[in-house]
Amino acid sequence: MRSLLFSAFALAFPLSIAGQGTGTPRPAITGISHVTFYADNLASSKRFYTSVLGWVQVPPGPAQSGVRFYANHAQYIQLVSPPRPDMANRFDSVGFSTSDAEGLRTYLAVHGIKVPKAVMIETDGSKSFVAADPEGNKVEFSQPGSHGPDAPQTTLPQISNHIIHAGFVAHDRAALDGFYKDLLGFHLYWQGGSQPGHIDWVMMQVPEGTDWLEYMLYLPSDPSRGQLASANHFAPGVDDIRQLDKNLRAKGWTPSSNERPPLLGLDGKWQLDLFDPDGTRVEFMEFLPTKDPCCSAYTGPQPSASPAW
């Protein structure tokens, strides 16, 4: 998918990290392209993503499955039917944008990561492939095509147009860091915990952009569906959480027992949680912190709204 926000460094040095001793450069990884979840009732989910979030449903291509709801021209949430009903874990995969899918596929292969023999080429010209991280999470890398989705023809107001991060259940931080940090160039953006001296959340920012992946390290060994659905989440960015809360309430929304009114996170950013019909948490978060974060300082650039379609 097309990059949302290239930093000046990324534009100047898009191939800055080479394979350790291999001479194979790592193509730029510029942001989150999509996150895929399982949905039991796609019609109910469509109402949530279009009516509440105001995102555009785009029909999938011939080689694609499920439905896609676009936050902007380059980012979407994809919903697919689960392989069996009532699965506890609703997370399927996370996708990242790259400047060169074939180059990244080769790079990972050189470093011993199992990858397909070739990238998949979609009808829009986009190229992608799927690998797995050390904990078995499916990770897709996508290069945008020459003709992406058309600008939306809708009057529904979007309440966010940038997916700034995604999180999933994590167990072995060292193993995941070996893949995302050491191999792919992600860097620690922020980390913190609910108790002093304990790390529950680790934010790893993409190397050539502002989006990040969050390791959710606090779950018990046998988590419930609700705990999984809260940890496996995505975060649309907004300028003002309080205004978002007012806009949602004006549309008739009231927090459920799981949803919370605006709160100030330990990372110093205001957030507001919603849950889609399958229980997946949608963590609306302000782009900028309003106070110094707990536990550690930010080490990378802050996100902002996406460019227009």
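The values are calculated or read from the model by the stated rules, or taken from the named source; none is laboratory data. A quick note: this is a predicted structure, and the numbers were derived from the prediction, not measured. Because the Cβ atoms are built from the backbone with ideal geometry, glycine has one as well, and the counts that use them run over all protein chains shown.
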Picking from Val58, Val110, the residue that is of a type in the set (Val, Ile, Thr), modelled with pLDDT of 95 or more and either more than 17 Å from the chain's Cα centre (by Cα) or within 30 Å of Arg249 (Cα to Cα) (or both) would be Val110
List every residue pair whose Cβ atoms sit under 7 Å apart, with the two residues 6 or more apart in sequence or on different chains, where the first one lies in the stretch 34-53 and is of a type outside the set (S, T, N, Q) and the second, anywhere, is in a helix (DSSP H, G or I) and surrounded by 20 or more Cβ atoms within 10 Å (Cβ to Cβ). Ala39/Ser45
Looking at the stretch 143-155, I want the residues that are at negative phi and modelled with pLDDT under 75 and have a partner that is among the hydrophobic types (A, V, I, L, M, F, W, C) and not in a loop (DSSP other than H, G, I, E, B) with Cβ atoms under 7 Å, at least 6 apart or on another chain. Which pairs are those? Pro149/Val58; Pro152/Val56; Thr154/Val56
Which of the following residues is among the β-branched types (Val, Ile, Thr) and farther than 30 Å from Pro220 by Cα: Ile163, Ile113, Ile159, Ile77? Ile159
Just to check your reading of the model, which residue among Ala250, Ala297, Ala231 is farther than 28 Å from Glu208 by Cα and aliphatic (A, V, I, L, M)? Ala250
Only one residue in His165, His171 is under 30 Å from Thr50 (Cβ atoms) and either outside any strand (DSSP E or B) or not acidic (Asp, Glu) (or both). Which one? His165
For the stretch 174-190: of the residues being part of a helix (DSSP H, G or I) and under 20 Å from Ser99 (Cα atoms), which is nearest to the chain's Cα centre (by Cα)? Tyr180
Any idea which residue in the stretch 220-229 is farthest from Tyr76 (Cα to Cα), counting only those that are surrounded by fewer than 21 Cβ atoms within 10 Å (Cβ to Cβ) and small (Gly, Ala, Ser)? Ser221
Matching residues in the stretch 191-227 - criterion: being more than 18 Å from Tyr298 (Cβ to Cβ) and within 16 Å of the chain's Cα centre (by Cα): Met216
Does any residue of the stretch 286-309 turn out to be assigned to a strand (DSSP E or B) and not acidic (Asp, Glu)? no
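Condition check: crowded, with 22+ Cβ neighbours inside 10 Å, in contact with a strand residue (DSSP E or B) (Cβ under 9 Å, 6 or more places away or on another chain), more than 24 Å from Gln302 (Cα to Cα) and at pLDDT 90 or above. Does Ala101 satisfy that?
The answer is yes for Ala101.
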Residue under question is Leu272, and the condition is that it be crowded, with 17+ Cβ neighbours inside 10 Å, at negative phi and out of contact with any strand residue (DSSP E or B) (no Cβ under 6 Å at 6 or more places or on another chain); does it hold? no
How many residues of the stretch 244-276 are in a strand (DSSP E or B), more than 20 Å from the chain's Cα centre (by Cα) and under 21 Å from Gly226 (Cα atoms)? The answer is 1
Do we have any residue at all in the stretch 215-229 that's closer than 12 Å to Glu283 by Cβ, in contact (Cβ under 8 Å) with a residue 60 or more places away in the chain and part of a loop (DSSP other than H, G, I, E, B)? no
Tyr49 under 28 Å from Ala118 (Cα atoms), crowded, with 16+ Cβ neighbours inside 10 Å and among the aromatic types (Phe, Trp, Tyr): no
